[in-house]
Amino acid sequence: MEEKKLKKSIITVLGKDSVGIIAKVCTYLANNNINILDINQTITGGYFNMMMIVESEEVTKTFPVMAEELAQIGDEIGVKIQAQREEIFEMMHRI
């Protein structure tokens, strides 16, 4: 039996804290069959910061479409949402 390769992505959310940020992002992910593998969020000085590792093996949209839709959600709720493929994220953060 061949093991499926997971398509992991990193989603970051940054902005002024407000009610419903996590709900809005997680609802989008659930509606698009995107599984959350790990999530970390903090609020410091009234600013919200969240990083999620997700897998999008079942998603039917292309990655650029998903990233753009998440960015649009961020614009609607007043935060910056950025999605990157795991391999790109790792290359950008190598020391």
For this session: Scan the range 72-95 for residues that are exposed (fewer than 14 other Cβ atoms within 10 Å of the Cβ) and modelled with pLDDT of 85 or more and report the count.
Result: 5
Exercise. Within the group Val65, Val59, Val54, which residue is among the β-branched types (Val, Ile, Thr) and modelled with pLDDT of 95 or more?
Worked result: Val54
Problem set entry | The one condition in (1) open to solvent by 30 Å² or more (accessible area, probe 1.4 Å); (2) within 19 Å of Arg85 (Cβ to Cβ); (3) out of contact with any Leu (no Cβ under 7 Å at 6 or more places or on another chain) that Gln41 fails to fulfil | (2)
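The values are calculated or read from the model by the stated rules, or taken from the named source; none is laboratory data. For clarity, every value in this text was computed on a predicted model and none was experimentally measured. Counting neighbours? That spans all protein chains shown, and the Cβs are built from the backbone with ideal geometry, glycine included. Just the protein is used for accessible areas: all its heavy atoms, side chains included, with ligands, DNA and RNA removed. Shrake-Rupley method; radii C 1.70, N 1.55, O 1.52, S 1.80 Å.
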